[in-house]
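Heads up, the thing below is written out as structure tokens.
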Amino acid sequence: MTVIIWRRKSIFPWRGFSPSQVISSRPPFTRSLSKEERREVNGHNMPTTSSPKLKSKFLRPEIIAKISRMNFAGRKISEGTVAGSHSSPFKGCSSEFSSFRPYVQGDDTRHLDWKVYARCERFYVRQFEQETNMRSCLVLDRSESMNFASGAMSKYDYARIIASTLAYLITKRGDSMAFSAVSSGLDEYFPPSRSAGNLANVLNAIASIEPSGSTSLAPAMDIIGAKIKRKTLIILISDMLTGSEEIIRSIRTFIKQKHNFMVLQVIDPAERELPEGGKFTFVDSETRERVTINSRRSADSYRRQFGDFVSGIENSLKNCGCGYFRFSVSPHPEDEIPEGLFKAGFSFI
């Protein structure tokens, strides 16, 4: 790979004309691009979903293809430490390189990138913006209740697809990501990193950690809170079948500390309704407690109580400033998950 080295004095005499009017000639010498220059022209060398390094059955290329241009942005912007994909809320006088765009007449020729021109023989200008990277923390509920499945896919597998998708998107945008797996405590934790190696480790953890243990999210979130040192977007993926008052109190604490919080609730369609046919014995997947009920007599009451339960969680979360979206397990996650993430507030560009 070569790059043309232009002498500045040979450019300025044509100032005021569009680059298409400049008669170019072969420069007297060329040199190879450095590693930093190759990364600058080609962009972040992010492995694709087909890369062996990122091999995971929960990272679906068809889902990534639909949301590959998702702009991962919460309602507020978190403080960052390096240039990333999110406009900084903190004022400063320095500007950082943002991206390339095609030249249009009237653009400042000082922002033309001749290295890119040498590569593709088209004129591009550099865009500059003070930016910051967003810190995010994915929290995956791996308690036993997530293992429930009325069809081919369990709530946990559906949640693993969501978590893998978000992990890939966050890293692809150049943002720092932490990952936690929780049940009655903090079972697994990866500190924030924006490297492809961290992504590979997180995807492997998501695929290998199986549901186990009882649900007690609040103590686990308290431990995570002690590890988070800077403003962070926390994304909790859970069925929320836990002590709702305790976890909402914990989430409220995060928000008071100026963190952003998003809950993605995953439920199975069968959890909304009792099965038809008379008496059934239900076994709690975590406590093994048994209860026998007559579905004919209790169907309406159960439906109403479950509806009140999920509505209560949604209202409580939104009232304290937490983002919320409810996923229903579907046999077609490639359609439902992109749409759900869009509705949850993650925007496409």
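Just so it is clear, none of the values below were taken in a lab; they were calculated from the coordinates. Everything quoted here is computed from the prediction, not taken from an experiment. Using ideal geometry, Cβ is built from the backbone for each residue, glycine included, and neighbour counts are taken over all protein chains shown.
Side notes on the structure shown:
- Packing-based ranking of 172-180, 246-254 yields 172-180, 246-254, ordered from highest to lowest mean Cβ neighbour count within 10 Å.
- Extension gain (nm, one decimal) between residue 288 and residue 208, 0.36 nm per residue minus Cα-Cα: 26.4 nm
- Distance violations [Cα-Cα > 31 Å] among 55/227; 172/231; 66/231; 115/343; 57/256: 115/343; 57/256
- Mean Cβ neighbour count within 10 Å, used as a protection proxy, ranking 117-124, 139-146, 229-236 highest first: 139-146, 229-236, 117-124
- Under 14 Å, Cβ to Cβ, from residue 149 - net charge with Lys/Arg +1 and Asp/Glu -1: -4
- Residues within the reach of a label modelled at residue 57 (point 7 angstrom out along Cα to beta-carbon, backbone nitrogen below 18 Å), restricted to the stretch 181-212, are 203-212.
- Among 304-313, 156-165, 187-196, the peptide with the highest mean count of other Cβ atoms within 10 Å heads the list, and the full ranking is 156-165, 187-196, 304-313.
- Mean separation of Cα pairs under 8 Å and 6 or more residues apart, divided by the residue count, gives the stretch 132-348 a relative contact order of 22 percent.
- Cα-based equivalent ellipsoid of the stretch 132-348: semi-axis lengths in Å, sorted from largest, via gyration tensor: 30, 18, 17
- Rounded FRET efficiency, nearest 0.05, which uses the C-beta distance separating residue 188 from residue 334 and R0 of 35 Å: 0.85
- The gain in end-to-end length when the residue 309 to residue 297 segment is fully stretched comes to 2.3 nm, 0.36 nm per residue minus the alpha carbon separation.
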